[in-house]
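Working notes, beginning with the structure itself.
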Amino acid sequence: MKNDKTLLLVVAHPDDETAFAEVLIKYRMLGYQVYQIIATDGKYGVRVTSIPEGDSLAYVRQQESICSAEKMGIEKPIFFSIDRLDTRNGVRNYFNAHHALRDSLTHRIPSINPDFILTFGPDGDSHHTEHIVVGSAVTEIILQQGWVDKYPLYYLAYTKDSFVGLEELGFLDEKYINVEVSYSQEEELIGLEAYKCFQSQFTVEELQEDYLSKLNDTLNKTFFRRFAVKEGKQVGF
């Protein structure tokens, strides 16, 4: 099945797409062209790997995301290859990187012309600084360019009871979650295969734990909140 619809995902790092994998696969199977923009090059992600920080790790992580995209059957990732989107390397470098991100998004979003965009909300999924920055930058560009209706924007969302014991994840009151996407076990299994590509970022034990956790979760739904703006002015508050 193929149609002329397009989905765009915008995330911070190679491997962030795993949080959206089943949704990307579902819409690819519905015939959408599925694109993803990955903002940073991931060269500092050394939590698991013995590869030192730097260009070699950035290359490995890019190859892992390419592997994942191939397994999901979606378009090859678009890498902006920004160094960092926090202040570890200095405030001025952060400002320059943020400017580069905004410029790149302003030019790339219209060239892809998506029917809708997925990204992280204000919680950044796990409160990761660069997740928050990327989601905020996408929102800023949508507002600056008057694209709120042209490119509907959706933030990944969790309910409070979605991840018991994973307090680092952000969540919303359920009344603000206005989109749910159901996916099949087939789509889930494809996503789990794609997850295995990220050998530099997850241990074998973590991959296995996630595999069992997802198979045991029979809800098979991902939630989102649509970004919305009320137009027009009122006098005072």
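Exactly which GluC sites (Glu not before Pro) in region 158-220 are in a DSSP loop and have at most 14 other Cβ atoms within 10 Å?
In loop regions of region 158-220 (DSSP not H, G, I, E or B), the sparsely surrounded GluC sites (Glu not before Pro) are Glu167, Glu168.
Which pairs break 24 Å Cα to Cα here: Lys5/Lys233; Lys5/Lys150; Lys5/Lys160; Lys26/Lys230; Lys43/Lys214?
Too far apart for the 24 Å limit: Lys5/Lys233; Lys5/Lys160; Lys26/Lys230; Lys43/Lys214.
What FRET efficiency would be calculated for the residue pair Asn220, Lys196, taking the C-beta separation as r and a Förster radius of 22 Å, to the nearest 0.05?
0.65
Averaged per residue, what accessible area in Å² does region 115-237 show with a 1.4 Å probe, protein chains only?
59
Just by accessible area at a 1.4 angstrom probe, what is the order of Phe20, Phe95 from largest to smallest?
Working: Phe20 0, Phe95 105 Å².
Of Phe20, Phe95, the descending order of accessible area is Phe95, Phe20.
Using unit Cβ charges (K, R positive; D, E negative) and no other charged atoms, how large, in debye to the nearest 20, is the dipole of region 118-205 about its Cα centre?
300
Once you have the Cα-Cα distance between Lys76 and Ser182, take 0.36 nm times their residue separation minus that, and quote the gain in nm to one decimal.
Stretched fully, the Lys76-Ser182 segment lengthens by 35.7 nm.
Given contacts defined as C-alpha pairs under 8 Å and at least six residues apart, what's the relative contact order of region 115-223, whole-number percent? Don't jump to the answer; show the numbers that get you there.
Numbers: 103 pairs, mean separation 29.1, N = 109.
The value is 27 percent.
What are the residues whose amide H is under 5 Å from the amide H of Leu169, where those residues sit 5 or more places off or on another chain and H is modelled from the backbone?
none
Roughly how much of Leu8 is accessible, in Å² to the nearest 10, using a 1.4 Å probe?
0
What nm distance separates the two modelled labels at Tyr211 and Ser111, each placed 7 Å from Cα along Cα→Cβ?
Distance between the two pseudo-spin positions: 3.8 nm.
Which is farthest toward the positive dipole end of region 30-109 among Ile74, Leu85, Gly45, measuring Cα position about the Cα centre, with Cβ charges +1 (Lys, Arg) and -1 (Asp, Glu)?
Comparing the listed Cα positions along the dipole, Leu85 ranks first.
Compute the distance from the alpha-carbon center of region 116-178 to that of region 26-68, in whole Å.
Taking the Cα centre of each part, region 116-178 and region 26-68 sit 20 Å apart.
Give the ranking of Cys197, Cys67 by solvent-accessible surface, highest area first, calculated with a 1.4 Å probe.
Cys67, Cys197
Percent relative contact order of the chain, based on C-alpha pairs within less than 8 angstrom and at least six residues apart?
24
Need one number for the chain: average projected area of the convex hull over its C-alpha atoms, nm².
For the Cα atoms of the chain, the hull's average projected area reads 14.3 nm².
How would region 123-234 be classified by its alpha-carbon gyration tensor: rounded, prolate or oblate, with rounded meaning a/c under 1.5 and the a/b versus b/c comparison settling the rest?
Taking the square roots of the gyration eigenvalues as a ≥ b ≥ c, region 123-234 is prolate.
The values are calculated or read from the model by the stated rules, or taken from the named source; none is laboratory data. Here the structure is a predicted model, which is why all the values come from computation and not from measurement. Don't worry about glycine lacking a Cβ; one is built from the backbone with ideal geometry, like all the others, and counts go over all protein chains shown. The area values use the complete protein model at the heavy-atom level, side chains included, leaving out ligands, DNA and RNA. Shrake-Rupley method; radii C 1.70, N 1.55, O 1.52, S 1.80 Å.
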